[in-house]
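The values are calculated or read from the model by the stated rules, or taken from the named source; none is laboratory data. Fair warning: this is a prediction, and the values are worked out from it, not measured in the lab. Cβ placement follows ideal geometry from the backbone for every residue including glycine, while neighbour counts extend to all protein chains displayed. Just so you know, the surface numbers come from the protein's heavy atoms only, side chains and all, with ligands and any DNA or RNA stripped out. Shrake-Rupley method; radii C 1.70, N 1.55, O 1.52, S 1.80 Å.
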Amino acid sequence: MPVLCSLAVSPSGRPAAVGARLVLSGETMADLGDNVTIPEFSFLLQMDPYLKPYEKDFRRRYDLLQKQLFQLEEAEGGFDQFTRSYNTFGVQRRPDNSLYLREWAPAAEALFLTGDFNGWDKFSHPYTKKEFGKWELILPPKHDKSPAVDHNSKLKVVVHTKEGQRLYRISPWAKYVTREEKSVIYDWVHWDPPQPYIQVHPRPRKPASLRIYEAHVGIASPEGKIASYSNFTTNVLPRIKDLGYNCIQLMAIMEHAYYASFGYQITSFFAASSRYGTPDELKQLIDVAHSMGIMVLLDVVHSHASKNTEDGLNRFDGSDSCFFHSPPRGEHSLWGSRLFNYSSWEVLRFLLSNLRWWMEEYRFDGFRFDGVTSMLYHHHGIGTGFTGDYSEYFGLQVDEDSLVYLMLANHILHTLYPDCITVAEDVSGMPALCRKVEEGGLGFDYRLAMAIPDKWIQILKELKDEDWNMGNIIYTLTNRRYGENCIAYAESHDQALVGDKSLAFWLMDKEMYTNMSSTIPMTHIIDRGMQLHKMIRLITHGLGGEGYLNFMGNEFGHPEWLDFPREGNNQSYHYARRQFNLVDMDHLRYRQLYAFDRDMNRTEDKYGWLAAPPAFVSAKHEEDKVIVFDRANVLFIFNFHPSKSFQDYKVAVEVPGKYKIKLDSDAAQYGGHGRLDPNTEFFTQPEPFNGRSNSLQVYIPCRTAIVLANEEIDYCY
């Protein structure tokens, strides 16, 4: 490692050697990385030799990361201590029940603590100014030796600015905030229960095949209200387990003042949203999920923050910067939110400790990082189309402060928690996003395959069934960077938001209100919608990635769309709920779609195609509308033709032997027509066909997908 200059500390609280760019004395940006060795960079180049011209960029990024780690070791005693700063900031109860309070407010003139404990006296409890923008306060215990601030009592930080303003703020490190019914502003509530919930179940191991159930606690009920953590634990977790998902991605947990933001305008980063219940109830939810063998990921938002001041991070110390860049760099023009200054030492402390807090305090198993594209580029992806040309991913348009932050976050998380899972929401296709940091990558485990749901919506909106292009569907489902794992999905919460609608509603629309009863014959629209809903999900599951995601309720064809209570809809909860009651009615066809989704996941769990190398596509017949591929020695056959069925259709297969149907979208229990005998045995012929060593003949009805497995091989994976 190169020798660094001395570690004097700057007024910002950051070691002076660590500026917005870590450039040593006499160095230029071009020099950075010249003498750095990326331990496993050769593996990345073997996988993608076209990255060789950008080797200097990779070296510079890796050099910046190594300097960050060195600085953390020298200035903070290492990242383990640094990322536990939630134990030294905010409010801390000491063994003698005194309270130690600490904040970072570099632009403030004075800080005071007020609240229920002192009758809301604005001046009786001043903080003491320390070096580098830090402020401290010690509250001795009461006469009865109990803490000066009671559990569940309210607090405020009073900030006096250099301009003479008096501001009332919530601590950025607040662990619990609530809002009274008629109030607009959230209150900081001191959370220190005498008997906190203790989680007892160990974290599940990282699965080879990741099947994610994306969920929102507040809408996880048929009732027109905000649902609770306890409701989710009792009523939703058993459904997720039954469906065969082994991971939950929880949205809108970090506290957000505006419910309709879907949890993406964060106001309190360390607080679990109180609108669903208490922190202990969230801990219990995660603990029960772990007891079922289900991992839980947090949808974490470190790409931006709410503009709220009284109950957010914005202008915490009265300045227009503090945690953020000053405008215009510190504002997102489309989202109307603030953008973090990832080159600030204290911002790194705050964000990295935030990740550690959710892992340690609540025992989450990883994160889905929101808005990664916005973080990676100075243009934030606004008005920019990504063609895949490598020059788009390197150069001055890349925000290397935030890129190195993501490398640092992934390095720390995977070092401390080997089974941690991180997922990136990136539309740009940044190379090496999902390769190890030791290879020069950003260190994510998966990226979301965001082009897939857009393709399905486009097809359903614009094309007649007979015009579906099999080659184009396959291209979209397989067009991903080799060696970088993708989460495939037919639809997520994005596709169901107001202005769009769920796939089921695109397919069946208003007929879902009247014709979903299994006691009456299917109309043409319901028949088509039921069959395509299953086929779209199965081909996405089988061909689209190394993991699969489903948004809550869409597994059973949830109708309509998502819309949260707001002025524009008279604060209605009608579309901010999930109608699980539809599945519980025996006579409705939603139950059939649910059963197919369950058995699709269970089939994957047995054969492990998500953990296998990418599929081999042996047929994409445009006139027949047939797609055939094999993956993990499992044969997938799709007939998308609206009216043509095929007898004795020849398909290619690699492994010889006897095959049987393991999943049939046309089965009666899934709302199909039952045209295939599940006991049929298919024997291969030693006739090479379409690039495979063997072939067999099958009957494939129109609008049907079948999965065949070889009865003569061991599918353990």
Conditions (1) open to solvent by less than 10 Å² (accessible area, probe 1.4 Å); (2) within 16 Å of A432 (Cβ to Cβ); number of the one not met by Y362
(2)
Taking L463, is it surrounded by fewer than 23 Cβ atoms within 10 Å (Cβ to Cβ) and over 15 Å from I212 (Cβ atoms)?
yes
Filter segment 367-392 down to residues that are touching a residue at least 60 places away in the same chain (Cβ under 8 Å), buried (at least 21 other Cβ atoms within 10 Å of the Cβ) and assigned to a helix (DSSP H, G or I), then give me how many there are.
3
Give the residues of segment 567-578 that are open to solvent by 30 Å² or more (accessible area, probe 1.4 Å) and within 26 Å of the chain's Cα centre (by Cα), sorted by residue number.
Y573, H574, Y575, R577
Do we have P418 as outside any helix (DSSP H, G or I), of a type outside the set (D, E) and over 25 Å from E214 (Cα atoms) here?
no
Restricting attention to segment 203-218, does a residue exist that is open to solvent by less than 50 Å² (accessible area, probe 1.4 Å) and more than 22 Å from the chain's Cα centre (by Cα)?
no
Starting from residues that are outside any helix (DSSP H, G or I) and under 20 Å from G529 (Cα atoms), keep the ones in segment 579-596 and report whichever is most open to solvent (accessible area, probe 1.4 Å).
D586
Take A148 and decide whether it is over 20 Å from G90 (Cα atoms), of a type in the set (G, A, S) and modelled with pLDDT of 95 or more.
no
Looking across segment 466-486 at residues that are closer than 25 Å to P49 by Cβ and among the aromatic types (F, W, Y), the single one that is surrounded by the fewest Cβ atoms within 10 Å (Cβ to Cβ) is Y482
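Conditions tested, residue by residue: (1) modelled with pLDDT of 95 or more; (2) in contact with a strand residue (DSSP E or B) (Cβ under 6 Å, 6 or more places away or on another chain); (3) within 29 Å of S273 (Cβ to Cβ).
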| site | (1), (2), (3) |
| --- | --- |
| S153 | yes, no, yes |
| H160 | yes, yes, no |
| P172 | yes, no, yes |
| V177 | yes, yes, yes |
| K182 | no, no, yes |
| Y186 | yes, yes, yes |
Subset of segment 324-345, residues buried (at least 21 other Cβ atoms within 10 Å of the Cβ) and part of a strand (DSSP E or B), comes to F324, S337, R338, F340
Residue in segment 68-84 that is nearest to W357 (Cα to Cα), counting only those that are of a type in the set (G, A, S) and either assigned to a helix (DSSP H, G or I) or open to solvent by 50 Å² or more (accessible area, probe 1.4 Å) (or both):
G77
Give the residues of segment 468-512 that are among the basic types (K, R), under 21 Å from A576 (Cα atoms) and assigned to a loop (DSSP other than H, G, I, E, B), sorted by residue number.
K501
Considering only segment 238-253, I want to know if a residue exists there that is farther than 25 Å from R205 by Cβ and of a type in the set (F, W, Y).
no
Given the conditions (1) outside any loop (DSSP other than H, G, I, E, B); (2) among the hydroxyl-bearing types (S, T, Y); (3) open to solvent by less than 20 Å² (accessible area, probe 1.4 Å), report the number of the one that S230 does not fulfil.
(3)
Can you run down the residue pairs with Cβ atoms below 7 Å, 6 or more apart or on separate chains, where the first is in segment 561-584 and more than 9 Å from P222 (Cβ to Cβ) and the partner is hydrophobic (A, V, I, L, M, F, W, C) and open to solvent by 60 Å² or more (accessible area, probe 1.4 Å)?
W561/V498; L562/V498; D563/V498; Y575/W561
From the set of residues in segment 238-283 that are touching a helix residue (DSSP H, G or I) at 6+ places or on another chain (Cβ under 6 Å) and surrounded by fewer than 22 Cβ atoms within 10 Å (Cβ to Cβ), which is nearest to F596 (Cα to Cα)?
L243
Any chance segment 189-196 includes a residue that's open to solvent by 60 Å² or more (accessible area, probe 1.4 Å), over 26 Å from L562 (Cβ atoms) and either of a type in the set (V, I, T) or outside any loop (DSSP other than H, G, I, E, B) (or both)?
no
Starting from segment 128-147, take each residue that is closer than 9 Å to N97 by Cα and list its partners that are part of a strand (DSSP E or B) and open to solvent by 40 Å² or more (accessible area, probe 1.4 Å), counting only C-beta distances under 8 angstrom and pairs at least six apart or across chains.
P147/R93
Would you be able to tell me the number of residues in segment 402-442 that are among the small types (G, A, S), open to solvent by 10 Å² or more (accessible area, probe 1.4 Å) and under 15 Å from the mean Cα position of the chain (by Cα)?
0
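Could you say whether any residue in segment 288-307 is of a type in the set (D, E, K, R), out of contact with any Cys (no Cβ under 9 Å at 6 or more places or on another chain), buried (at least 21 other Cβ atoms within 10 Å of the Cβ) and under 20 Å from Y417 (Cα atoms)?
yes
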Matching residues in segment 675-717 - criterion: being modelled with pLDDT of 95 or more and of a type in the set (F, W, Y)
F682, F683, F689, Y699
Anything in segment 603-639 that is touching a Phe, Trp or Tyr at 6+ places or on another chain (Cβ under 6 Å) and open to solvent by less than 10 Å² (accessible area, probe 1.4 Å)? List them, or say none.
G608, I627, F629, R631, V634, F636
Which one of D599, D648 is at pLDDT 95 or above, of a type in the set (D, E), on the phi > 0 side of the Ramachandran plot and open to solvent by 20 Å² or more (accessible area, probe 1.4 Å)?
D648
Step by step: first the residues of segment 85-140, then only those that are surrounded by fewer than 20 Cβ atoms within 10 Å (Cβ to Cβ) and among the acidic types (D, E), then the one that is nearest to the chain's Cα centre (by Cα). Which residue is that?
E136
Here is a list: L348, L352, L285, L297. Which entry is in contact (Cβ under 8 Å) with a residue 40 or more places away in the chain and not in a helix (DSSP H, G or I)?
L297
Residue list for segment 514-552, restricted to those being basic (K, R) and surrounded by fewer than 20 Cβ atoms within 10 Å (Cβ to Cβ):
R528
So for segment 444-457 (the condition being over 24 Å from N246 (Cα atoms), assigned to a loop (DSSP other than H, G, I, E, B) and open to solvent by less than 10 Å² (accessible area, probe 1.4 Å)), does at least one residue qualify?
no
Here the residues within segment 223-243 that are of a type outside the set (V, I, T) and within 15 Å of A289 (Cα to Cα) are Y229, S230, N231, F232, N235, L237, P238, R239, K241, D242, L243
